[in-house]
Amino acid sequence: MLRRVLAGVPAGEEPLTHVAELPERAARVVPWPEWTPDPVRAAFTACGVREPWSHQVEAAEHAHAGRSVVIATGTASGKSLAYQLPVLTALTGDTRATALYLSPTKALGADQLRSVSALDLPGVRAASFDGDTPTAERDWVRAHARWVFTNPDMLHRGILPAHGRWSMFFRRLRYVVVDECHSYRGVFGSHVALLLRRLRRVCRRYGADPVFVLASATVSNPAASATRLSGVDCAAVADDGSPRGARTVALWEPPLLDDVAGENGAPVRRSAGAESARILADLVIEGARTLAFVRSRLGAELTSLGAKRILAEVDADLPDRVAAYRAGFLPEERRALEAALADGRLLGVASTNALELGVDIAGLDAVVVAGYPGTLASFWQQAGRAGRAGDGSLVVFVARDDPLDTYLVHHPTAVLDKPVEATVTDPGNPYVLAPQLACAAAELPLTADCLPDFGGEQARAVLDDLVAEGTLRKRPTGWYWTQRERPHGLVDIRGSGGDQIAVVEADSGRMLGTVNPGNACATVHPGAIYLHQGSSYVVDELDLESGLAMVHPETPEWTTTPRELVDITILDTVSETVHPALGGGEVRVCLGEVAVTSQVVAYLRKLPSGEVLDQIPLDLPENTLHTRAVWYTVTEDLVTGKGLDRAGLKRSEVPGALHAAEHAAIGLLPLFATCDRWDIGGVSTALHPDTEQPTVFVHDGHPGGAGFADRGHAALIPWLTATRKAIAACECPEGCPSCVQSPKCGNGNDPLNKKGAIAVLTAVLNTIRD
Ligand SMILES: [Zn+2]
Ligand SMILES: [Zn+2]
């Protein structure tokens, strides 16, 4: 297959940077555990599972013995059975026992409920309880359902605040299943971690101590991540016993184009979407069932269209065998697509990440990953859709115009041999802890005994603040919520709090969605393109006072990118390490709390080719964010001096060098901190007023921080090493989007000095390594 794809590459282009052959893995099946009730075994057998795989039984044994456990294995390794087996054993063995299932998306929850219902075991009474459950059905679920399928949002807003109405359910609760738990990261992950502590507290109130069963993609150190998320000690099962066909993984870098110029005349590469459309078309011609993952909904549509256009020239019937898939599809539409791809009526599908969750497609001939999906866990989950037992399959990773992607295609070991990153959560973030403690107190008064579970002294300090501001009342027996209205409705567990900005279609008055107030200036400024369920809108007006963004439907040929000016002030230095340099001077590495002031001042309009049309100024207010940052300072002679471990730059080159080093560092941090580059930001300056030195900052984009800066600080040397290598690996002469240009730079990517950045990073690394 790879040969066929390479045959389609135009002469003179050499996009392939690496090819790896991953060997086949045979299945390891084991007998059903002795404790498996006959009806449960019979039900699984009837659904096609004759014998379970080793990891499924290993996890089920832990859970059955009352030990909380996380199962962290690949896509299509049957993690569902690992929790269904102990849960169904409990529910059929004790006709009063109950269980709770949590998934990050409604679609996944609906699929899992369907698969349990298909087992058709009498008396299990599995039911969903989410935003779509009609009011009339809710009473029935509370009173009679024994396995409730819900999501963190509903647990937070609908179930825990009304725990009294669920008392029977909680009293008998034996298992809590947390599916796809690796998706709980950043601020959302911190909220979910505290939400699970609230759940355990409510269970204790009713005398229950449920066993937690978590399911995760393969991650490094799953036990530690699961323990941090759930608050209970978890055993880990990671030895995957499912079979896997041999796979070829190809790393692919689209060529620099001669005839298109980007910002400041920089060269641009052919877009990952256009390149993937061509690869997809070649594979479809070959008859290979192929899934292409594209980062955005618009991108998925364009990739599918691009492939159809190429195929139309080959055979008039082929375009109909390619489709686009996105979030928001109805269950019937998803089933139809699964079936068409399974039996080969469809050969090619371009999809957003929506397919990562809740669609049952595996065993394909090929997968094209257009752009790094943000985490290695996601990458392997997408790649895992390819692989038929016995037959070889192909995975092509196509790099986007981005320093992280550049680094990955030139450093195959970072993709192929690295353990998948642990998820980052920070339940101690006061911006998360305060509202969560308020919710907890409103559910049941908080006592001193509860505090260790919520962070101990940190929780006590936050509670003192809540008492001082009048949110809670302290009595001798604990902390009480004494207000009429419960706080839950005001706490947005997926965002960073605050009143959301509503996006409204001006003509119809229809509300399309909401955006975070902190991001509103960057995402729904006048002229911005707003995508909603595959349709495109243009923002006419942003009214921050009334919390409204007015839009109209329009599909322009360009995309928009905001431009921000950013300033940073150090509020508190939490950690500081001084590294003296050979021959004088030093590098300081710090972690601390900062105030970031930003202002969106303009936006760029760009064509899909990467060509920049123009930059349009905006007049929007400043926004201040209190968060955490990691930063390093270098003494000036280290930057401008010549000789050992000195960068040897001219004074005029310093701002561009630091700026370029900052951009690339932001691009590479997601490799170490499971964040998106849009979750973080940076500032660099040849003289910062607080440090009085040349300084590079990288900060979290969420109030209070989400743990990303802390992770960057902990991984500083590998992070800056990767940053330096990514810049050095790019073959552009003076800097381009693949290395040091940033799509969200407030200074129009000027000045940038690519060679200077390599020199500064080399000097810094040589100093801090010693
Ligand atoms: Zn470059
Ligand atoms: Zn910049």
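The values are calculated or read from the model by the stated rules, or taken from the named source; none is laboratory data. Please read these numbers as outputs of a predicted model, since none were measured by experiment. All Cβ positions, glycine included, derive from the backbone under ideal geometry; neighbour counts span all protein chains shown. Side chains are part of the model used for accessible areas, which takes the heavy atoms of the whole protein and leaves out ligands, DNA and RNA. Shrake-Rupley method; radii C 1.70, N 1.55, O 1.52, S 1.80 Å.
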**Q.** Flag if Asp417 is open to solvent by 30 Å² or more (accessible area, probe 1.4 Å), within 16 Å of Phe672 (Cα to Cα) and more than 16 Å from ligand 1 (Cβ to nearest atom)
**A.** yes
Q: Can you confirm whether the stretch 632-651 contains a residue that is of a type in the set (Ser, Thr, Tyr), more than 27 Å from Asn516 (Cβ to Cβ) and part of a loop (DSSP other than H, G, I, E, B)?
A: yes
Q. Of (1) among the charged types (D, E, K, R); (2) out of contact with any helix residue (DSSP H, G or I) (no Cβ under 6 Å at 6 or more places or on another chain); (3) crowded, with 17+ Cβ neighbours inside 10 Å, Asp259 satisfies all except one. Which?
A. (3)
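Let's see how each residue does on (1) assigned to a helix (DSSP H, G or I); (2) touching a residue at least 12 places away in the same chain (Cβ under 8 Å); (3) touching a Gly at 6+ places or on another chain (Cβ under 6 Å):
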residue	(1), (2), (3)
Asp153	yes, yes, no
Arg157	yes, yes, no
Gly164	yes, no, no
Phe169	yes, yes, no
His191	yes, yes, no
Leu199	yes, yes, no
Val202	yes, yes, no
Thr218	no, yes, yes
Leu229	yes, yes, no
Q: Considering every residue within the stretch 522-538, establish whether at least one is touching a residue at least 12 places away in the same chain (Cβ under 8 Å), open to solvent by 30 Å² or more (accessible area, probe 1.4 Å), at negative phi and touching a helix residue (DSSP H, G or I) at 6+ places or on another chain (Cβ under 7 Å).
A: yes
Q: Quick one: in the stretch 714-726, of everything that is small (Gly, Ala, Ser) and open to solvent by less than 10 Å² (accessible area, probe 1.4 Å), which residue is nearest to ligand 1 (Cβ to nearest atom)?
A: Ala726
Q | Arg172 being open to solvent by 30 Å² or more (accessible area, probe 1.4 Å) and either within 16 Å of ligand 1 (Cβ to nearest atom) or more than 23 Å from Gln56 (Cβ to Cβ) (or both) | A | yes
Q. Of these, Thr695, Thr674, which one is within 32 Å of the chain's Cα centre (by Cα), modelled with pLDDT under 95 and either within 16 Å of ligand 1 (Cβ to nearest atom) or open to solvent by less than 10 Å² (accessible area, probe 1.4 Å) (or both)?
A. Thr674
(Q) For the stretch 201-225, which positions are out of contact with any Pro (no Cβ under 8 Å at 6 or more places or on another chain) and over 29 Å from Ser77 (Cα atoms)? (A) Arg201, Val202, Arg204, Arg205, Tyr206, Gly207, Ala208
(Q) For the stretch 276-289, give me each residue that is among the aliphatic types (A, V, I, L, M) and open to solvent by 40 Å² or more (accessible area, probe 1.4 Å). (A) Ile285
Q: Name, by its number, the condition in (1) within 16 Å of ligand 2 (Cβ to nearest atom); (2) under 29 Å from the mean Cα position of the chain (by Cα) that does not hold for Ala714.
A: (1)
Q. Inside the stretch 195-236, can you point out the residues that are among the basic types (Lys, Arg) and either over 20 Å from Ala459 (Cα atoms) or at pLDDT 95 or above (or both)?
A. Arg197, Arg198, Arg200, Arg201, Arg204, Arg205
Q: Quick one: Pro33 ticks every box in (1) within 30 Å of His156 (Cα to Cα); (2) assigned to a loop (DSSP other than H, G, I, E, B); (3) in contact with an Asp or Glu (Cβ under 8 Å, 6 or more places away or on another chain) except a single one, so which number is it?
A: (1)
Q. So which of Lys744, Lys755 ends up being outside any loop (DSSP other than H, G, I, E, B), basic (Lys, Arg) and on the phi < 0 side of the Ramachandran plot?
A. Lys755
Q) Can you name the residue in the stretch 54-76 that is among the hydrophobic types (A, V, I, L, M, F, W, C) and open to solvent by 60 Å² or more (accessible area, probe 1.4 Å) and is also farthest from Val116 (Cα to Cα) among such residues? A) Ala65
Q.
Out of Leu2, Leu6, I need the residue that is at pLDDT below 95, open to solvent by 60 Å² or more (accessible area, probe 1.4 Å) and of a type in the set (A, V, I, L, M). Which one?
A. Leu6
Q.
With the requirement that a residue be within 16 Å of ligand 2 (Cβ to nearest atom) and of a type in the set (D, E, K, R), what does the stretch 750-769 give you?
A. Asp750, Lys754
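Yes or no, residue by residue, for (1) under 30 Å from the mean Cα position of the chain (by Cα); (2) more than 16 Å from ligand 2 (Cβ to nearest atom); (3) more than 28 Å from Ala274 (Cβ to Cβ):
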site	(1), (2), (3)
Glu611	yes, yes, no
Ile616	no, yes, no
His626	yes, yes, yes
Glu636	no, yes, yes
His659	yes, no, yes
Ser684	yes, no, yes
Thr691	no, yes, yes
Q | Search result, residues across the stretch 247-269 that are of a type in the set (Asp, Glu) and in a strand (DSSP E or B) | A | Asp258, Asp259
Q: Look at the stretch 64-86 and say how many of its residues are over 21 Å from the mean Cα position of the chain (by Cα) and at positive phi.
A: 2
Q. Among the residues of the stretch 381-410, how many are closer than 20 Å to Val219 by Cβ and within 16 Å of ligand 1 (Cβ to nearest atom)?
A. 2
Q) Across the stretch 727-738, what is the total count of residues that are over 20 Å from Val415 (Cβ atoms) and near ligand 1 (Cβ under 6 Å from one of its atoms)? A) 3
Q. Give me the pairs: first residue in the stretch 453-470 and at positive phi, second residue in a loop (DSSP other than H, G, I, E, B), beta-carbon distance under 8 Å, and six or more apart or on different chains, which are they?
A. Gly455/Pro427; Gly455/Gly428
Q.
Exactly one of these conditions fails for Ile758: (1) touching a residue at least 60 places away in the same chain (Cβ under 8 Å); (2) within 14 Å of ligand 1 (Cβ to nearest atom); (3) within 28 Å of Lys642 (Cβ to Cβ). Give me its number.
A. (1)
Q: Could you please let me know if Gly164 is within 21 Å of Pro452 (Cα to Cα), open to solvent by 40 Å² or more (accessible area, probe 1.4 Å) and of a type outside the set (Asp, Glu)?
A: no
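Residue-wise test of (1) outside any loop (DSSP other than H, G, I, E, B); (2) buried (at least 21 other Cβ atoms within 10 Å of the Cβ); (3) more than 12 Å from ligand 2 (Cβ to nearest atom).
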{"site": "Gly705", "(1), (2), (3)": "no, yes, yes"}
{"site": "Ala728", "(1), (2), (3)": "yes, no, yes"}
{"site": "Glu734", "(1), (2), (3)": "no, no, yes"}
{"site": "Gly748", "(1), (2), (3)": "no, no, no"}
(Q) Given the options Val587, Val578, Val574, name the one that is open to solvent by 60 Å² or more (accessible area, probe 1.4 Å) and under 15 Å from Gln693 (Cβ atoms). (A) Val578
(Q) Checking the condition assigned to a loop (DSSP other than H, G, I, E, B) and either surrounded by fewer than 22 Cβ atoms within 10 Å (Cβ to Cβ) or more than 16 Å from ligand 1 (Cβ to nearest atom) (or both), which residue from Gly273, Gly241 passes? (A) Gly241
